Amino acid sequence: MMNLLKKQSSIGVGLLGLTLLLSALFIAYDNKVLWLSVSFVLMTLGGLIYFQTIYGHQLSGIKNNGVWFSALTTRGITGWLLGMGLTAFYIAIYWFPEVLGFNTQGESTGLVAFFDPLSLSLNGSPATQWFMYGTLYTFAIILFGVKFIWKYWGNRYQLFRTLSVVFFQLCFAFLIPEILAKLNPETPYFAKDLKNMWPLNYYFLDEWHLTNMLTGGNLGFFFLVFGLAMIFIGSPILTYFYGKRWYCSWVCGCGGLAETAGDPFRQLSSKKLSVWKLERWMIHAVLVFVTVTTIAAIWSFITQNPELSLISRTQFISGVVVFIIALMLILFFWSKNGLEKDAKYTLISLGSILVLSLCVQGFSGQNNILFLNSYSFQKWYGFGVGAAFSGVLGVGFYPFLGSRVWCRFGCPMAAILGLQQRLFSRFRITTNGGQCISCGNCSAYCEMGIDVRAYAQRGENIVRSSCVGCGICSAVCPRGVLKLENDGLENRINSTPYPLGNAMEVDA
Amino acid sequence: MGKESSNKAIVILGNGVSGITAARHLRKNSALPITVISEESPYFFSRTALMYVYMGHLKFEHTQPYENTFWEQNNIELVQKRVNQLDAEKQLLHFEDGSSLSYDRLVLACGSKPNKLGWLGEDLKAVQGLYHKKDLDSLEAWTDSTQSATVVGGGLIGIELAEMLHSRGKKVHFLVRESSFWNTVLPAEESELINCHIRSHGIELHLSTELKSIQGDANGRVAQVQTSKGATLPCEWVGLAVGVSPNIDFLKGSGLDLGKGIRINRFLETNLPNIYAVGDCAEQLEPLPGRQAVEAVWYTGRIMGETLAQTLTSVKTSYQPGPWFNSAKFFDIDYQTYGQVSPSPDSKKEAQVFWQHPHKNCSLRLSFDPQNLYFKGIVSLGIRLRHEYFDRWLCKPTLMNEVVKTLGQSFFDPEFSPTYQAEIQSKWELKKSSFALNQ
């Protein structure tokens, strides 16, 4: 009874903080420092007391009791309310920031202006809707990160992974970029989140962004070189050794929010075979989309800024053609057996079309490449994928479709890392011989919708391009069947006719 | 019987893990007509996962390992009916609804049923076992009107029931006949560790206590139980978990050789032609050395299904499970075992070395042959172990030195977990010195 009271009052305190925050939409507080602080303190306090009442007195272990009885976590009424609220918030941020008080012409008001004191102290300018969003995003990852660590207490993989995700969000995504902006007020804007690589940051190679980096002094040049090095060197090496989890569930901000605030909704991802098919089509389509957009963007940059460009148009086109052909050949011969038939056909036809049109147009000296107007393409990608998919669907729909909708169906970064993880990485989820009892916990709690059990009950290791390595399948397994690990490429999949336990001599 | 022998229709009675594994492997190896009969549920589900449905970790659909379209896609016919009688002469199964089905070869995989020991009041309302899907539905139906529950029987299902009821906020009395939880299987220290863990969750654990009788209220629902120690425990629900026995009553008089279960030879054949039995319902005429005649375990059922599918499609294959293994979870503590570890070893045949973490719920016990120091088996609590390593070490005689040296690598806990290699190694060095003369 005491516990129930404590639980309810902690929710009340948290909601009070949230209400205070939202009241800034309508009330212009004079003492913003005070009320902003009070609001965050109340939300933090409410959250911490709530987490303490639900996990504080429990022994370490799996805490999924009642997940399928709660309206919030099973698309019930509270789930719908939360989903609609989040979606509305995202729609406002992306397309109607003036509702939140953002003013492009002059001083902002409302909720955006409520964050002015914090923004001024960190980056030296008044808050934008993006600063407000970044602050709330980081706050959510930290607060729910605490909850996640509490929930999985005793599992060191979960502890280290969550600390890492919180650290990268707080420092790399939030503090460092803001402070760098304050220290370099005269440089033009470019993204200063070192970990936010292309193609997740889809505008990294857009004309305006390249221009700003190249005219941004040493700092701009550093970010350009570091970004390129991560794409072509850092990321492939890390993915080879650790799988795509080094990024998706240890570093990435989208992953960070999904793993912490999104954790209560992970079981809502669909495990149907048909959805898996849809996923493969969608994620690779987005990857092609972003690649084509980027090639077109670089092309138009080189065409219009020959004095800034480090390479000529001919060099660029030749480079891209050679790169695409080399990549296709490597993919094809490295893993003849690792690719499905449909994947091979898609690869060949898509690659040929790209190379052909690049050659035809590139060497005929046109200003548009791939028959595209790069501006309108970028604009559509920004609207469709950057905002609608990653934001509105990606987070707003947590309570409807699970926490990794964006990562699973839309993230081009996840697609690239996944391709490599599937074909050329030491990472796998090892299945423990014949110990599986087909209970289904692993599949149910896989946020990426992988039917983990289908592999585990056959004694087969899980090597799937979509696996982000969150490790929850292993945590919830009641028979100790699953382990995430890095090992040699030999026998990575370990497909046997029967799970271990037999002494039967059978010709496979 | 004048039947066309070219028709090799296989009928499998039971859609649990044994029957379904047989069906899947039959389909893998052949295009024979396959029919699976079950009254319990239209589709295969994982029986061991029923507890997670009750606790709200899963929905019932999650316990079904294959999508519903799988069976039609693989041309496996499913029949949801109850079989009343087997006519082995005419190769016919008679259903409760009066219809019948003929078979060319019949696989009996009809599972177990919970034991009732003839207690006074055992048929009262809200007194039940947990085996069948219907048992789960019944438990769910009684849940809201239950404040206190009594679980009888200190085995794997008993502790699951205790955990289930506890997860829904019920006061749980857990009656265990033995002086310590599951100590017919677990060695004393492990058993005591689990006793403490059960109690730390707030369960009333009554050791050395049996159920004496159950009393009902005016509506015929259980109101209290009497224990062998003279205590009266008020409760609105009673779970009976004193083991299971083969579900074979409907086969009496069919001509099948029935003992505790359906008697089979090493090829899983019954005494009647074209009839086989696998899983919980089967009783080995000649049990494998060191093994039980009836093993009602998920894994053995699965292996029997895999084996029989070989015999029915290509090569006559005898049942040869590899070294014994099993696993369970006692509330929050993982349990795994490989090979033989006796709760009370014969010192001439088996010696043991035991390590326990000073404050965590972790322990390891390795057993070995005192004559030649070959590794014999392992029991772990709170530590996951790699099946592959222990299978290898048990199939070929392996010296304890070798096993202990690489024990850390055999741990299967999530990355960054400790392996306690040094602690266990030093325990073994100490133990080994007392056997030095024998070597």
> Applying the Karplus parametrisation 6.51 cos²θ - 1.76 cosθ + 1.60 with θ = phi - 60° to the phi angles of the range B:230-246, what ³J(HN,Hα) value in whole Hz is obtained for each residue in order, glycine and proline being reported as x?
Replying inline: x, 7, 10, 10, x, 6, 9, 8, 10, x, 9, 9, 9, x, 10, 10, x
> Amide H neighbours of B:V172 under 5 Å, counting only residues 5+ apart in sequence or on other chains, H built in-plane at 1.01 Å?
Replying inline: B:A149, B:E204
> Of A:K277/A:K344; A:K63/A:K147; B:K134/B:K171; B:K348/B:K396; A:K277/B:K28; B:K349/B:K427, which sit over 18 Å apart, Cα to Cα?
Replying inline: B:K134/B:K171; B:K348/B:K396; A:K277/B:K28; B:K349/B:K427
>> Quick check: Cα centre of the range B:66-111 to Cα centre of the range A:206-232, how many Å?
In response: 69
> Which value, in debye to the nearest 20, gives the size of the charge dipole of the range B:325-438 about its Cα centre, when Lys and Arg are +1 and Asp and Glu are -1 at the Cβ?
Replying inline: 240
> What helices does chain B hold that run 30 Å or longer along their axis, going by alpha-carbon atoms, with a Kyte-Doolittle average of 0.5 or more, using DSSP H for the helix calls?
Replying inline: none
> If you place +1 on the Cβ of every Lys and Arg and -1 on the Cβ of every Asp and Glu, how big does the dipole about the Cα centre of the protein assembly as shown come out, in debye to the nearest 20?
Replying inline: 680
> Taking H as built 1.01 Å from N, whose amide H comes closer than 5 Å to the amide H of B:S213, not counting residues under 5 places away?
Replying inline: B:Q226
>> Counting only helical runs of four or more DSSP H residues, what would the 222 nm mean residue ellipticity of the protein assembly as shown come to if each run contributes -39,500 (n - 2.57) and the total is spread over all its residues?
In response: -12500 deg cm²/dmol
>> Give me the inter-chain shielding for A:495-502: mean count of other chain Cβ atoms within 10 Å, whole number please.
In response: 6
> Tell me, what is the percent relative contact order of the range B:127-242, built from C-alpha pairs under 8 Å that lie six or more residues apart?
Replying inline: 34
>> Please compute the contact order of the range B:343-437 in relative form: average sequence separation of alpha-carbon pairs under 8 Å and at least six residues apart, divided by the residue count, as a percent.
In response: 22
> Among A:Y157, B:Y338, A:Y345, B:Y299, what is the fewest-to-most ranking by other Cβ atoms within 10 Å?
Replying inline: A:Y345, A:Y157, B:Y299, B:Y338
> With point charges of +1 on the Cβ of Lys and Arg and -1 on the Cβ of Asp and Glu, referenced to the Cα centre of chain B, which listed residue (B:L86, B:Y319, B:Q371) lies farthest in the positive direction of the dipole?
Replying inline: B:Q371
>> When only alpha-carbon atoms are used, what values of Rg and Dmax, in angstrom, describe chain B?
In response: 23.6, 72
> Tally Lys/Arg at +1 and Asp/Glu at -1 over every other residue whose Cβ is under 9 Å from the Cβ of B:S367; what's the total?
Replying inline: 0
> All other residues with a Cβ under 13 Å from the Cβ of A:A24 taken together, and with Lys, Arg as +1 and Asp, Glu as -1, what is their net charge?
Replying inline: -1
> What net charge do the residues around A:Y55 carry, taking every other residue with its C-beta under 15 Å from that of A:Y55, with Lys and Arg at +1 and Asp and Glu at -1?
Replying inline: +3
> For the protein assembly as shown, rounded, prolate or oblate, judged on the Cα gyration tensor with a ≥ b ≥ c (square roots of eigenvalues), a/c < 1.5 rounded, else prolate if a/b > b/c?
Replying inline: prolate
>> Only helices at least 30 Å long along their own axis, judged from Cα atoms, and with Kyte-Doolittle mean hydropathy of 0.5 or greater: name those in chain A from DSSP H.
In response: A:2-23, A:32-55, A:129-151, A:273-304, A:313-334, A:341-362
>> Using Cβ contacts closer than 10 Å as the measure, can you line up B:R386, A:R161 from fewest to most?
In response: B:R386, A:R161
>> I'd like the mean, over residues of A:55-64, of how many other protein chain beta carbons sit within 10 Å of each residue's own Cβ.
In response: 3
>> Check which residues have an amide H placed less than 5 Å from B:F330's amide H, if you skip close sequence neighbours.
In response: B:Y335
>> Placing +1 on the Cβ of each Lys and Arg and -1 on the Cβ of each Asp and Glu in the protein assembly as shown, which of B:V294, B:Y420, B:I157 has its Cα farthest towards the positive end of the resulting dipole?
In response: B:Y420
>> Suppose a student asked you for the relative contact order of the range A:83-148, using Cα pairs under 8 Å spaced at least 6 residues apart; what percent would you report?
In response: 21
>> Taking the Cα centre as origin and putting +1 on Lys and Arg beta-carbons and -1 on Asp and Glu beta-carbons, what dipole magnitude results for chain A, to the nearest 20 debye?
In response: 1380
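Read-outs throughout are calculated quantities, based only on the coordinates presented, and are distinct from any laboratory measurement. As the structure is a prediction and not an experimental result, all values here were calculated from the model. Every residue, glycine as well, gets a Cβ built from its backbone with ideal geometry; the counts of neighbours run over all protein chains shown.
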